[in-house]
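This report refers to the structure that appears directly beneath it.
The values are calculated or read from the model by the stated rules, or taken from the named source; none is laboratory data. All of these numbers come straight from a predicted model, not from anything done at the bench. Reconstructed Cβ throughout: ideal geometry from the backbone, glycine too, with neighbour counts over all protein chains shown.
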Amino acid sequence: MTRPGFEDRSLLLHAALDGELDAAGVIEMERLLAADPDLSAEYARLKALRETIRAKAPRERAPDSLRLRMMEIAETKQAPPREAKTPRWRDPPSWRSFAGAMAATVVATLGLQHLIASSNAPDTALQAIVSAHMRSQISGQPVDVVSTDRHTVKPWLAGKLPVAAEVVDLAEAGFPLAGGRIDIVSGAGVPTLVYKRRDHLISVTELRAERAEEATVPRHLAVGGYPVVRWSDNERAYVAVSDLSPTDLDAFVAAFRRAVAKERVGGGGGESAK
Amino acid sequence: MVSETGRRNFAEHVLPHLDDAYSLARWLCGDATDAEDVVQDACVRALKALEGGAPVERPRAWLLAIVRNAAYSWLGKNRPRAIVLAGGAEEAEARADALETGGSPSPEAALIEMADRATVAAAIDGLPLAFRETLVMREINGLSYRDISEATGAPIGTVMSRLARARALLAQKLGTAP
């Protein structure tokens, strides 16, 4: 194997595997592979090696605690404290009672509900939603009410919030309901539904849309490293957050919108969502 | 005090690549807790650079270069031998016997595919530092040759030969397991 040019050809093989060859290089490589069984066996080994590494030593997710600390690095020193998220992160044990207090406040300030999401910049709201999603993952308590049944979750939310939230069943689409919780966004309680996909959780928060917003196509954003999709239908705006792959998250958003639309048309009578 | 610009750039250029930063740090330090410290240190450095208004064209390669530097400082303090081993002599030696691997029996693709997680991890861990970082950046972070070259400061030709060498060593280890 010491014939001249061996090392160059070997490097070419790696470059081909790594998609680093231009069109001319690819053609040359294909010619070489077809002509040389040793070389094509080597190529097969390299491909097997790549598959093995990808499957057995995948890229790892940074721990959420680290992600949180990094978000804090950039945020805590900022002047105005936003939302109530800092105390919530710092002091998880008291969070539930805190949330309870906030929910009570929300009920007491019924009249202000129409202001939700209109007074603050939208990115502040998004950050609060993403923080709530992250917090829920770290605490191991993603939901306040645990139920796969939307007929349990909906009344629970309705009893705590002045606005009726749409709760749809997406089990058939592969996203079973895990439950619901109340997040605090722009100083007010908003309903958040939590759905599951394998080990991943998806939080969908419903906001009052600003003005009579027309239905908008889902917009993809990244907040704090999390993929976020925001869209609105009728007079409601929705924000979905998850660490699912973008494709799965899109599938979720599509299934959710279809189910909500169906619910509206059916006047709330429809049982299942496709 | 963190300025609004610094904060925004940090959210835009650093936070989306935390998983990459963490994965690289893990493979360089070999330990999850140490990797967190290294990433945190790297993020602080990154934020400082962004505050200073450093223009960032290729954020991922840029961040991984910082993570790599942070990891090297950490290794220098905690595992000085790992750094010494990564010197030029080792590479020359590895290059020399790269030409000889052709003589030993070729590992089978099928055998490589059967390796389990622990074996793969041990094989990657066993690579000399310069090869390991190049392999991890390519296969696990998915960086292009150009990005790896930028992140490691090595010319593209060196990146290519390190990568080829790293793969040859891995294939050898995984393909001829007991």
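One residue alone among B:ARG138, B:ARG132, B:ARG117 is closer than 16 Å to A:ARG50 by Cα, free of Cβ contacts under 8 Å to residues at least 24 places away in the same chain and not hydrophobic (A, V, I, L, M, F, W, C), and that residue is B:ARG117. Can you name every residue in segment B:25-53 that is touching a residue at least 40 places away in the same chain (Cβ under 8 Å) and closer than 14 Å to A:ALA62 by Cα? The answer is B:ALA25, B:TRP27, B:ASP34. Determine whether A:VAL194 is in contact (Cβ under 8 Å) with a residue 12 or more places away in the chain, farther than 22 Å from A:PRO246 by Cβ and β-branched (Val, Ile, Thr). No.
Every residue in segment B:3-20 that is farther than 17 Å from B:GLU57 by Cβ and facing another protein chain (nearest Cβ under 7 Å), please. Scanning segment B:3-20 gives B:ARG7, B:ALA11, B:LEU15, B:LEU18, B:ASP19.
Checked across segment A:134-156, the condition of being buried (at least 19 other Cβ atoms within 10 Å of the Cβ) and under 19 Å from A:TRP231 (Cβ atoms) holds for no residue. The residue list B:ARG68, B:ARG81, B:ARG58 contains one member that is surrounded by fewer than 19 Cβ atoms within 10 Å (Cβ to Cβ) and closer than 23 Å to A:ALA62 by Cα, which is B:ARG58. Is one or more of the residues making up segment B:21-34 more than 7 Å from every other protein chain (Cβ to nearest Cβ), at pLDDT below 90 and not in a helix (DSSP H, G or I)? Yes, there is a match, as at least one residue in segment B:21-34 is more than 7 Å from every other protein chain (Cβ to nearest Cβ), at pLDDT below 90 and not in a helix (DSSP H, G or I). Any idea which of (1) more than 17 Å from B:ALA164 (Cβ to Cβ); (2) modelled with pLDDT under 90 is the one A:GLU51 doesn't satisfy? A:GLU51 satisfies every listed condition except (2). Within segment A:55-65, how many residues are more than 7 Å from chain B (Cβ to nearest Cβ) and either in contact (Cβ under 8 Å) with a residue 40 or more places away in the chain or not in a loop (DSSP other than H, G, I, E, B) (or both)? Here the count works out to 3. Residue count for segment A:124-147, restricted to those that are free of Cβ contacts under 8 Å to residues at least 40 places away in the same chain and assigned to a helix (DSSP H, G or I): 0.
Among the residues of segment B:112-131, are any closer than 23 Å to B:VAL159 by Cβ, buried (at least 23 other Cβ atoms within 10 Å of the Cβ), modelled with pLDDT of 90 or more and not aliphatic (A, V, I, L, M)? Yes, because at least one residue in segment B:112-131 is closer than 23 Å to B:VAL159 by Cβ, buried (at least 23 other Cβ atoms within 10 Å of the Cβ), modelled with pLDDT of 90 or more and not aliphatic (A, V, I, L, M). Counted as qualifying within segment A:162-274 are the strands (runs of 3 or more DSSP E) with 1 or more residues that are of a type outside the set (Phe, Trp, Tyr) and modelled with pLDDT of 85 or more, namely A:177-185, A:188-197, A:200-208, A:226-233, A:236-242. On the stretch given as segment A:151-179, residues that are of a type outside the set (Asp, Glu) and within 20 Å of A:HIS200 (Cβ to Cβ) total 12.
Report yes if some residue within segment A:24-42 is of a type outside the set (A, V, I, L, M) and either facing another protein chain (nearest Cβ under 7 Å) or under 30 Å from the mean Cα position of the chain (by Cα) (or both); otherwise report no. Among the residues of segment A:24-42, not one is of a type outside the set (A, V, I, L, M) and either facing another protein chain (nearest Cβ under 7 Å) or under 30 Å from the mean Cα position of the chain (by Cα) (or both), which makes the answer no. Which is at pLDDT below 85, in contact with a strand residue (DSSP E or B) (Cβ under 9 Å, 6 or more places away or on another chain) and away from every other protein chain (no Cβ under 14 Å), of A:SER136, A:SER94? Result of the check over A:SER136, A:SER94: A:SER136.
Scanning segment A:238-257 for residues that are under 15 Å from A:THR192 (Cα atoms) and out of contact with any strand residue (DSSP E or B) (no Cβ under 7 Å at 6 or more places or on another chain) turns up nothing.
Scanning segment B:143-176 for residues that are within 11 Å of another protein chain (Cβ to nearest Cβ), free of Cβ contacts under 8 Å to residues at least 40 places away in the same chain and assigned to a loop (DSSP other than H, G, I, E, B) returns a single hit, B:SER144.
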